[in-house]
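All remarks here apply to the structure that follows.
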Amino acid sequence: RRSSDLWMDSPLFIDLPAVFIRQPPESTLPKASATALTHSILLEIGENPIALDAEYMDTLKLKPQLKGFNPEEITPNELSQLGKQLYKFGLIDNHTAELMDRAGAEFDRDGVPINPDVNINALDFFAGRISSMKDNSLRGDPYATMLLPDYIRAVHVMQNLHTYATTGDSYASQRAKERE
């Protein structure tokens, strides 16, 4: 036998120091990092001024119901109810309504929502999802590639809702006024 084969036949045990795995600390990143990610994602996905039909929303008299809508300070329950209402009126499709229903919702092991009435920044939530889906899509995940347009549409809907709720105009007419 060769001497190089002998070391493979006998096990080699070495005493190594103990390794301790610690729980990672709570996120120490400043809140601005989420906002910076959101800002870069919003710039990247652009705007869709026709994501919602403002004229139809006027005929439905939705302005009073949407007063004060702010996607940066909304509870998961409020966003869920809003998505269901918009779907009921035919303003959004079922995928967008479903995404709005699940946005920011966390569940315990029994499926009960945790803190459904605590404000979240829905734009930060969706921007994070879009970012991770883009990464997964680049790795060849077909599911992420398929869902990415739905998440982008949800952001466009929230942008249009915010503009409509604060100005009463459509997103397109508000942007045209800003350019003038």
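The values are calculated or read from the model by the stated rules, or taken from the named source; none is laboratory data. Predicted model, so just to flag it, every value in this text is computed and none were measured. Calculation scope for accessible area: heavy atoms of the full protein, side chains included, ligands and nucleic acids excluded. Shrake-Rupley method; radii C 1.70, N 1.55, O 1.52, S 1.80 Å.
Key figures for this structure:
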| quantity | calculated |
| --- | --- |
| The stretch 66-167 - Rg and Dmax from Cα coordinates, angstrom | 13.9, 42 |
| Accessible area (Å², 1.4 Å probe, nearest 10) - T59 | 100 |
| The stretch 77-131, accessible area per residue, ligands and nucleic acids excluded (1.4 Å, Å²) | 57 |
